[in-house]
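Q: Next up is a structure, given as structure tokens.
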Amino acid sequence: MSRIAIIGAGSWGTALSIVAGRAGHQVRLWSRNLEVISGINRQRANNRYLTGHEIPKGVEATGDLGHALIDAEFVLLAAPSHVTRELLMRMMPELQHEMIFVSATKGIEVETGKRVSEIVGDILSEQFDPRFVCLSGPSFAQEVVAGHPTAVVAASSNLEDARLTQATLSFQNLRIYTNTDVVGTEIGGAVKNVMAVAAGMVAGLGLGTNSIAALITRGLAEIARFALAQGARMETMMGLAGMGDLVLTCTGGLSRNRFVGQELGKGRALPDIVSGMHEVAEGVRTTLAVHRLAQKLNVEMPITSEVHAVLYEGKKAEDAARELMVRPLRGEFER
């Protein structure tokens, strides 16, 4: 049995708490939301973010970060990426060098262009060298807790930490693989959300599966260019954190990012869409971060550029789709 702190009680944080609780681990799940905390501790349910699934008795919800972190061996970061830095700074007095920090967050910080591993390093490196693992891959929370077979990857520069995470969190239908490519795993998980917004626009415009297939394939090429420019490995892009997660979020009906794009394709305004959502669609902010970083790295990302234009420049989704089709013709594998 391991002691696990999960920071963030949205759908994915709650799903991980359920899996860990079912596996017999002692879990403390932190949330800002008093209603969520009460519902978990009293009714054994998170009816705001993950309805219909009983939360095991080994899971305790709390609004006290210090209490959540007491004696924790694993600290799972499952809050939205844009609040990760602030939460880590608040957590600092309770953090210990032996803890393994597992990021279950898929995003890039807009202000700095940094991935979660880099944010963790920024905050903690003056105290100690943090043990960091990125957990990513094709995984809708509802399907994981419903028992559907799911495969994800735990990536760490220290393979032993990845294997410890694999052994601790793998249970029944959740199968975890390992790799050492943190950069590729984080980028795949983040940028696929941008592509999911694009895929949603395609669906919202009433276009068919030819268009979705083209978008996914060219989106993968775009993600790979961006990732390789930062030191990632190509095989990661072909694996669970790359192709696997991209296919899921671009085609699955449970994808929040795809939903945002779909509504944009139907002509709704972005503020109206996000105001009605309980959880963050990471792709909205990640598009801004990726667009800025791609320009800095001089990496061509036409799909990202068009999504950025729709989200932040007032461009219509149909005009963005048209723009992609009239780009100069080129070889498929040209960089």
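Q: Restricting to the stretch 151-175, count the residues that are in contact with a helix residue (DSSP H, G or I) (Cβ under 8 Å, 6 or more places away or on another chain), crowded, with 22+ Cβ neighbours inside 10 Å and either among the hydroxyl-bearing types (S, T, Y) or closer than 23 Å to G252 by Cα (or both).
A: Residues meeting the conditions: 5.
Q: Among the numbered conditions (1) surrounded by 19 or more Cβ atoms within 10 Å (Cβ to Cβ); (2) within 19 Å of A155 (Cα to Cα), tell me where R258 comes up short.
A: Checking R258 against (1) surrounded by 19 or more Cβ atoms within 10 Å (Cβ to Cβ); (2) within 19 Å of A155 (Cα to Cα), the one that fails is (2).
Q: Within the set of pairs 6 or more residues apart or between chains, which connect a residue that is outside any helix (DSSP H, G or I) inside the stretch 294-306 to a residue that is of a type in the set (D, E) with Cβ atoms less than 7 Å apart?
A: Sorted first by the residue in the stretch 294-306, then by its partner, the pairs are M301/E222.
Q: Any residue in the stretch 93-108 that's closer than 18 Å to T168 by Cβ and assigned to a loop (DSSP other than H, G, I, E, B): show its pairings with residues that are acidic (D, E) and at pLDDT 95 or above at Cβ separation under 7 Å, as long as the two are six or more apart or on different chains.
A: Partner pairs satisfying both residue conditions: M99/E73.
Q: Given the stretch 170-263, what helices (runs of 4 or more DSSP H) lie entirely inside it while holding 2 or more residues that are polar (S, T, N, Q) and without any contact (Cβ under 8 Å) to a residue 60 or more places away in the chain? Working first, answer last.
A: Numbers: elements: 182-204, 209-228, 234-237, 245-251.
In the stretch 170-263, the matching helices (runs of 4 or more DSSP H) lie at 209-228.
Q: Continuing with the same structure: Suppose we keep only residues that are out of contact with any His (no Cβ under 8 Å at 6 or more places or on another chain), in a helix (DSSP H, G or I) and of a type in the set (A, V, I, L, M) within the stretch 115-150. Which one would you say is surrounded by the fewest Cβ atoms within 10 Å (Cβ to Cβ)?
A: Among them, the one singled out is I123.
Q: Report, by residue number, each residue of the stretch 12-52 that is of a type in the set (A, V, I, L, M) and farther than 22 Å from F171 by Cα. Give the derivation first.
A: Filtering the stretch 12-52 down to residues of a type in the set (A, V, I, L, M) leaves 15-16, 18-20, 23, 27, 29, 34, 36-37, 40, 45, 50.
Residues satisfying the conditions are L34, V36, I37.
Q: Sticking with this structure for a sec: Kindly list, by first and then second residue, each pair from a residue in the stretch 73-91 that is in contact (Cβ under 8 Å) with a residue 60 or more places away in the chain and within 14 Å of V280 (Cβ to Cβ) to a residue that is among the acidic types (D, E) and surrounded by fewer than 17 Cβ atoms within 10 Å (Cβ to Cβ), limited to pairs with Cβ atoms under 9 Å and residues at least 6 apart or on different chains.
A: P80/E279; H82/E111
Q: In the stretch 266-288, is there at least one residue being of a type in the set (G, A, S), outside the structural domain of A78 (by TED's automatic domain parsing), surrounded by 16 or more Cβ atoms within 10 Å (Cβ to Cβ) and within 22 Å of G184 (Cα to Cα)? Please lay out each step first, then the result.
A: The first filter runs over the stretch 266-288 and keeps only residues of a type in the set (G, A, S), leaving 267, 269, 275-276, 281, 283.
Narrowing further to those that are outside the structural domain of A78 (by TED's automatic domain parsing): 267, 269, 275-276, 281, 283.
From what is left, the residues that are surrounded by 16 or more Cβ atoms within 10 Å (Cβ to Cβ) are 281, 283.
Then keep just the ones that are within 22 Å of G184 (Cα to Cα); that gives 281, 283.
Yes, that holds for at least one residue.
Q: Here is a list: G200, G184, G137. Which entry is within 18 Å of the chain's Cα centre (by Cα), of a type outside the set (A, V, I, L, M) and within 19 Å of V120 (Cα to Cα)? Explain how you work it out, then say what you get.
A: Values: G200 fails: within 19 Å of V120 (Cα to Cα); G137 fails: within 19 Å of V120 (Cα to Cα).
Just one listed residue meets the conditions, G184.
Q: Within the stretch 307-335, how many residues are in a helix (DSSP H, G or I) and surrounded by 10 or more Cβ atoms within 10 Å (Cβ to Cβ)?
A: Counting residues in the stretch 307-335 that are in a helix (DSSP H, G or I) and surrounded by 10 or more Cβ atoms within 10 Å (Cβ to Cβ) gives 14.
Q: Looking at this structure, is A68 farther than 21 Å from S139 by Cα, touching a residue at least 60 places away in the same chain (Cβ under 8 Å) and under 23 Å from the mean Cα position of the chain (by Cα)? I'd like the intermediate steps shown before the answer.
A: Values: farther than 21 Å from S139 by Cα: yes; touching a residue at least 60 places away in the same chain (Cβ under 8 Å): yes; under 23 Å from the mean Cα position of the chain (by Cα): yes.
So A68 fits the description; yes.
Q: Something else: Can you confirm whether A61 is over 21 Å from L164 (Cβ atoms), surrounded by 23 or more Cβ atoms within 10 Å (Cβ to Cβ), modelled with pLDDT of 95 or more and not assigned by TED's automatic domain parsing to the domain that holds G242?
A: Details: over 21 Å from L164 (Cβ atoms): yes; surrounded by 23 or more Cβ atoms within 10 Å (Cβ to Cβ): yes; modelled with pLDDT of 95 or more: yes; not assigned by TED's automatic domain parsing to the domain that holds G242: yes.
Against the criterion (over 21 Å from L164 (Cβ atoms), surrounded by 23 or more Cβ atoms within 10 Å (Cβ to Cβ), modelled with pLDDT of 95 or more and not assigned by TED's automatic domain parsing to the domain that holds G242), A61 qualifies.
Q: Quick one: in the stretch 307-335, of everything that is among the β-branched types (V, I, T) and in contact (Cβ under 8 Å) with a residue 60 or more places away in the chain, which residue is farthest from A190 (Cα to Cα)?
A: Looking only at the stretch 307-335, we keep the residues that are among the β-branched types (V, I, T), and these are 307, 310, 326.
From the residues that got through so far, the ones that are in contact (Cβ under 8 Å) with a residue 60 or more places away in the chain too are 307, 310.
Values: V307: 14, V310: 19 Å.
The qualifying residue farthest from A190 (Cα to Cα) is V310.
Q: Anything in the stretch 13-51 that is in contact (Cβ under 8 Å) with a residue 60 or more places away in the chain, of a type outside the set (A, V, I, L, M) and surrounded by fewer than 23 Cβ atoms within 10 Å (Cβ to Cβ)? List them, or say none. Step through it out loud before you land on a result.
A: Here is the first cut: in the stretch 13-51, the residues in contact (Cβ under 8 Å) with a residue 60 or more places away in the chain are 13-16, 18-20, 22-23, 25, 48-50.
Restricting the remaining residues to those that are of a type outside the set (A, V, I, L, M) gives 13-14, 22, 25, 48-49.
Within the stretch 13-51, R22, H25, R48, Y49 meet the criteria.
The values are calculated or read from the model by the stated rules, or taken from the named source; none is laboratory data. None of these values were measured; they are calculated from a predicted model. With ideal geometry, Cβ positions are generated from the backbone for all residues, glycine too; neighbour counts draw on all protein chains shown.
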